[in-house]
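For reference, the structure discussed in these notes is given below.
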Protein chains: 2
Amino acid sequence: MQRIAIDMDDVMAETAQKIINIVNNANGTNWTKESVGKNHPEFNTHYLPHRDVLFEKGFFRDIPVMADAQEVIKKLHEKYEIFVVSAANEFPLSLSEKLEWLEEHFPFIGWKYTVFCGHKYMVKADYLIDDQPRNLATFEGKGLLFDAPHNQDITDFQRVHSWKEIEKLLL
Amino acid sequence: MQRIAIDMDDVMAETAQKIINIVNNANGTNWTKESVGKNHPEFNTHYLPHRDVLFEKGFFRDIPVMADAQEVIKKLHEKYEIFVVSAANEFPLSLSEKLEWLEEHFPFIGWKYTVFCGHKYMVKADYLIDDQPRNLATFEGKGLLFDAPHNQDITDFQRVHSWKEIEKLLL
């Protein structure tokens, strides 16, 4: 059975949208995922002063699930071995929240198939679905870049725009 | 540079001793690591009713460091890439405590080289130092069984009894 490693933030979870909402609320701005994608450097000057929210208790617990992720990952789970691999160890309080979040929204995966780490290059898998070019660059299997506002200028990897597209590609 | 994956509980940390102390305090017994090693099934009947302590906040934060682990892992760190790999995701509250513990006792490793997981067989490394036969059985590199009370009857892997022995073997 082939193994798929799946990133959490901005792949399974709508983390960018939550951050955009926080920035808009703090600054009275109207950033959207689309406008952030078009002007990521300017958004970053608004976002970076708020980056501490990532370390706050509760931040990762209530992030909305990415569209169609539950349905498609459930189907993938029947044909592939699924590992969730999240480079979250910079944020110690996030880890128990991420486990609770996965148990709530993806109970069929199970804690034995979760990985919290820093670097991802020591993970063996056939596929890695990730929004971060740095993780795909060091991955030895087939990498799929999940479309996200901050990776619009990346051309080095096969881009996937949605879970429906992944369904067509892998099922 | 070759990569060594190192387990935490009963390899870097004296977890068995902390559990033995809890069992002795609760039952008025005098178990030692040596006597547990000689009669692990009987100890388990005393231990299992107390296994919930592993889920309690704080359990993993103050475990003593294994003898010579700091000194030897620091030396290994100069010649190998060191990853800490702990199958701790069954215990969600342990994860932030384990990161704090590592930062206190092994600050030179860094969170980017920590992995919290369930299964370990998707970790790529040249060596795995672990006290659990199930982790070594599915590891593709060279496994070293760290001597622990609960693995005394295992003969399938090269056994190491101390960090000093690992120093001689790998340095």
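The values are calculated or read from the model by the stated rules, or taken from the named source; none is laboratory data. These numbers come from a predicted model, not from an experiment. Positions of Cβ are backbone-derived with ideal geometry, glycine not excepted, and every protein chain shown enters the neighbour counts. In case anyone asks, the SASA skips ligands and DNA or RNA and just uses the protein heavy atoms, side chains included. Shrake-Rupley method; radii C 1.70, N 1.55, O 1.52, S 1.80 Å.
Return the pairs, sorted by first residue and then second, in which the second residue is open to solvent by less than 50 Å² (accessible area, probe 1.4 Å), the first residue lies in segment B:30-58 and is without any contact (Cβ under 8 Å) to a residue 12 or more places away in the chain, the beta carbons are less than 7 Å apart, and the residues are 6+ apart or on different chains. Listed pairs, sorted by first residue: B:Asn30/B:Asn24. Among the residues of segment A:99-158, what is the count of those that are away from every other protein chain (no Cβ under 14 Å), among the charged types (D, E, K, R) and under 26 Å from B:Glu81 (Cβ atoms)? The qualifying residues number 4. What do you reckon, is B:Leu93 open to solvent by 10 Å² or more (accessible area, probe 1.4 Å), touching an Asp or Glu at 6+ places or on another chain (Cβ under 8 Å) and within 9 Å of chain A (Cβ to nearest Cβ)? When the stated conditions are applied, B:Leu93 passes them.
Among the candidates B:Phe55, B:Phe83, the residue that is within 12 Å of chain A (Cβ to nearest Cβ), closer than 25 Å to B:Arg134 by Cβ and open to solvent by 20 Å² or more (accessible area, probe 1.4 Å) is uniquely B:Phe55. Across segment A:64-90, the number of residues qualifying as part of a loop (DSSP other than H, G, I, E, B) and touching an Asp or Glu at 6+ places or on another chain (Cβ under 6 Å) comes to 2. The criterion of at least 1 residues that are open to solvent by 40 Å² or more (accessible area, probe 1.4 Å) and among the charged types (D, E, K, R) is met by the following strands (runs of 3 or more DSSP E) wholly inside segment A:105-166: A:142-146, A:158-160. Of all residues in segment A:59-80, those being open to solvent by less than 40 Å² (accessible area, probe 1.4 Å), over 16 Å from the mean Cα position of the chain (by Cα) and either free of Cβ contacts under 8 Å to residues at least 40 places away in the same chain or within 14 Å of chain B (Cβ to nearest Cβ) (or both) number 1.
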